Each structure stands twice: as C-alpha cells, then as structure tokens.
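K.L.:
Structure provided below as structure tokens; questions to follow.
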Amino acid sequence: MRLLPCTLNLKLMTEFLQQLGQNTRTSFTKLGRGSFFLLQTLSGTLSVLIRPRLLLNQMYSVGVLSFLIITISGLFVGMVLGLQGYYVLSDFGAEETLGVMVAASLVRELGPVVSALLFAGRAGSALTAEIGLMKATEQLSGMEMMAVDPIKRIITPRFLAGFLSMPLLAALFSAIGVIGGQMVGSGLLGVDDGAYWSQMQANMDFRDDILNGVIKSIVFGFVTSWIALFEGYDAIPTSEGVSRATTRTVVNSAFSILGLDFILTVFMFGDN
Amino acid sequence: MQHTSTQDTFVGLFVASGIVGLFFLALQVSNLSSFTEHDSYTITARFQNSGGLKVKSPVSAAGVKIGRVSAISFDPKTYESVVQLNIDSQYNTLPDDTTASVFTAGLLGEQYVNLEPGGSDDYLKNGGKIEITQSAIILEKALGQFLFKSAEEKK
C-alpha cells in the first residue's frame, strides 16, 4: 500500500520528462526546418532580381500599405514623448533638452521596435495568412506540379520586400516622431524651437545613434519576415491551422523583436 | 491587384519617402554635415587632473569649437592625465605657448578643453605638446576649501 503513491509519483515524473523531451525535440526540428527554409528562400534572391516585378508587387502590399499606420503611430508617439518629456524636464528647468530626449528615445529604441511590432501585426500576419491559405488550397503544390519553384516564385519576393521595407518604415517612424515632438514641444508648450533642434544636433551622433537604429530595424525586418513566412509555409493546411499560425506569427515576432532588441542594445550602447 | 503603373508610383513614393526620412535623421537630427571628419592634426596636453573630460568632448578657443578630444590616458610615471586633442587643420595657427584648461559649460554642464592662445610666433604642429595647462576645477574640492577657509576666519 505504501508503494502506490511512490510509483504514481514516479510515473508522473517520467511523463513530465517525456513531455519535456518531446517539446525540446519538436522545437529543435522546427528550428531546423526554419533554417533550411531560410536558406532556400535566400538562394532564390538572384532569380527575383531578374524579375523585379515580383518584388515590386510585394513592396506595395508589405510596405506601401503599412505606410499609413506607421506614419500616424510615429506622429502620435512623438507627440506623447514631447508632452511627457516636457512635464518631467520642466521640473528641472531643462526643457531645452526635450529635443535630445525625443530624438534619442525614438531613434535608438521606439522607432525600430514599435515600427517592427506594428509591421508584424500589419504585414506579418497578412503574409502568414496568405501563404497558409495558399498551402491549404494546394496552390503551392499546384505550382510544384507545373515545375515552378513556389519558394522562389512566392516566398523570396515577399521576404525581400519585408526585409527592404522595414528600415524605410522605421526611419519614417522616427523622422515623423521627431517632428511630432517638435510640434507639441515648441508649438504647444513653448520650448524654444532653436534650442530643440540645436540641442538635438549637438547630442545625437550619426554612427552611434542613427546607424545603430537602422541596423536594429534591418535585423527586425529580417526576423519578422522570416517568422511570418515560415509560419505560413509550415501551417497545418486547415482553417484552424492557418488561424493558429497567424497568431503564432504575431506572438513569436513580438517576443523575438523585444528579446533581440535587448541583446542588440547591450552590444551597441553598452560601452558608454 | 491595382493597375501596375499606379502601383509602381506608390512603391516609388514609399521608397522615396523612406530615404527622405533617413536623410532627415542624418542631417537634421544628428547634424551629419558637421560630423564629417575634416583634416585634422593632433596635439597633446598633460593635465594634473582632467576631471570629467571624455573622448569626443569639444575643444574650443574663444568659445568656438575647433576640435575634439580623441584620447585620454594615464601616464603611470608622472601621474598625469595625457589628453590628445584633434584640431581641425584649418586652425593651424595656434601659438606653441597656448594654454589649455578644462572648463565646465555652465554649473553642471559637460566639460570641455579651452585653448587660450599665447603670443609666440611659432605654431603648434601635428604631434606638438601644450606645456601650460590648468586642471579641471573639482566642485567638491573647491567647496571643501571654501568651507575650511570660512571656518578658519571665524576663529
């Protein structure tokens, strides 16, 4: 009788370990498939460059259609930064440094991160749903039957479009945010316009601040497009599978963006 | 799908505005135009104490920025701080008896090197040394001396 709880415990323990091992195995195979998928996608780059029309179409649906949400969010984020920054800085009589605060937080962090999150929600989810539905309706297999490589024809142009659009969108976000901060700061709250710009220009560095922000957005564009396309390509070809894949795209992209942002920040801005 | 030529126009507009955004950040926000490395020459100055001076701190003469601090190191033999100054080569007529001092912009602002030209006819060249220097004023030290002095006077 005394042995029973013990064996039960042992059984639970083995079950738990088995589950853990299974999860590890599936996540590793997924990572492996994802990497293989990425290599295949990248190998199609040249054939896309020969037919830039494919890329242009995707730039339209990935970049141009995200333009509005990015610019409007950038404007509002900049305006809020201007307001909040002014409230804190004016307590110390340092409202002239508002420009530095707005520009530094936008260019270093908020520009790349928030635009990447919006990009994952706006463009990434659409890519996953599109690819997943193509798979569910067997359009991808149909292409293979016609001896057209679906990766080169469908996936690579979308990947390149996301990868190229992301830095442009992040730059737009930061630029419009800085203007929004200026509108609120010097237009509404009475910070001196000249001080706003001159303090900003004196304290922002092109290589340390702006270029690092651009590098961040390039990395985020790469990762977000990869995750979105792979989740779509790897989705279970049912309506439920596609919906789950879309959710996974947004969640995984957000996690990767925030995690990578921390790591990149440590390396880029750690030594000053 | 829209008509392809309108689509092209939109993509073109998008790319152009993205590049304009980047240029705006480079020129208006970080002032890249003044960042471009001019030809410069290096001179060194030794300070007893360089205070809160940092690499990239400005070097100015008569209130005008003429260069940047390029390196700061400690000399273990003389226990001095060795500061290398990168001066724009258009300002190549600094006399060799120029005085260098570490000043603070405002009460709590950043520290910078101020050059006070002397009267010599010889000019500082690349690799030249500034002989006369004045250390940074450490606020705590000055405050301590002041308090000590006023206590002395009261006695």
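The values are calculated or read from the model by the stated rules, or taken from the named source; none is laboratory data. Nothing here was measured: the structure is a model prediction, and the numbers come from that model. Positions of Cβ are generated from backbone atoms using ideal geometry, with glycine treated the same way; all protein chains shown enter the neighbour counts. Only protein heavy atoms, including side chains, enter the accessible area calculation; ligands, DNA and RNA are left aside. Shrake-Rupley method; radii C 1.70, N 1.55, O 1.52, S 1.80 Å.
K.L.:
Out of A:85, A:63, A:44, report the one residue that is touching a Phe, Trp or Tyr at 6+ places or on another chain (Cβ under 9 Å) and within 26 Å of residue A:264 (Cα to Cα).
P.N.:
A:63
K.L.:
Show the residue pairs that are 6+ apart or on different chains and have beta-carbon atoms under 6 Å apart, the first residue being within the range A:187-198 and within 15 Å of residue A:79 (Cβ to Cβ), the second being of a type in the set (A, V, I, L, M, F, W, C) and modelled with pLDDT of 85 or more.
P.N.:
The qualifying pairs are A:191/A:98.
K.L.:
Another one. Quick check: anything in the range A:84-97 within 30 Å of residue A:155 (Cβ to Cβ), aromatic (Phe, Trp, Tyr) and at pLDDT 90 or above? Step through it out loud before you land on a result.
P.N.:
Filtering the range A:84-97 for residues within 30 Å of residue A:155 (Cβ to Cβ) gives none.
Looking through the range A:84-97, none of the residues is within 30 Å of residue A:155 (Cβ to Cβ), aromatic (Phe, Trp, Tyr) and at pLDDT 90 or above.
K.L.:
Report yes if some residue within the range A:111-125 is in contact (Cβ under 8 Å) with a residue 12 or more places away in the chain and closer than 23 Å to residue A:50 by Cβ; otherwise report no.
P.N.:
No.
K.L.:
Of all residues in the range B:27-63, how many are at pLDDT 85 or above and within 14 Å of chain A (Cβ to nearest Cβ)?
P.N.:
Going through the range B:27-63 one residue at a time, the tally reaches 1.
K.L.:
Does at least one position in the range B:88-107 carry a residue that is open to solvent by 70 Å² or more (accessible area, probe 1.4 Å) and more than 30 Å from residue A:199 (Cβ to Cβ)?
P.N.:
Scanning the range B:88-107, I find at least one residue that is open to solvent by 70 Å² or more (accessible area, probe 1.4 Å) and more than 30 Å from residue A:199 (Cβ to Cβ), so the answer is yes.
K.L.:
Output the residue which, of all residues in the range A:210-233 that are over 14 Å from residue A:161 (Cα atoms) and among the aromatic types (Phe, Trp, Tyr), is surrounded by the fewest Cβ atoms within 10 Å (Cβ to Cβ).
P.N.:
Selected residue: A:233.
K.L.:
Going through A:55, A:31, A:83 one at a time, which residue ends up being within 21 Å of the chain's Cα centre (by Cα), open to solvent by 20 Å² or more (accessible area, probe 1.4 Å) and in contact (Cβ under 8 Å) with a residue 40 or more places away in the chain? Give the steps one after another, and end with the answer.
P.N.:
Working: A:31 fails: in contact (Cβ under 8 Å) with a residue 40 or more places away in the chain; A:83 fails: within 21 Å of the chain's Cα centre (by Cα).
Just one listed residue meets the conditions, A:55.
K.L.:
Quick one: in the range A:153-206, of everything that is outside any helix (DSSP H, G or I) and at negative phi, which residue is nearest to the other protein chains (Cβ to nearest Cβ)?
P.N.:
A:204
K.L.:
With the structure loaded, tell me whether residue B:128 is among the small types (Gly, Ala, Ser), over 19 Å from residue A:202 (Cα atoms), touching a residue at least 12 places away in the same chain (Cβ under 8 Å) and surrounded by 15 or more Cβ atoms within 10 Å (Cβ to Cβ) or whether it fails that test.
P.N.:
Answer is yes for this residue.
K.L.:
Let me ask you something else. Where in the range A:1-116 are there helices (runs of 4 or more DSSP H), lying fully within it, with 1 or more residues that are away from chain B (no Cβ under 14 Å)? Steps first, please.
P.N.:
Values: elements: A:3-43, A:45-50, A:52-59, A:65-91, A:98-104.
Those helices (runs of 4 or more DSSP H) span A:3-43, A:45-50, A:65-91.
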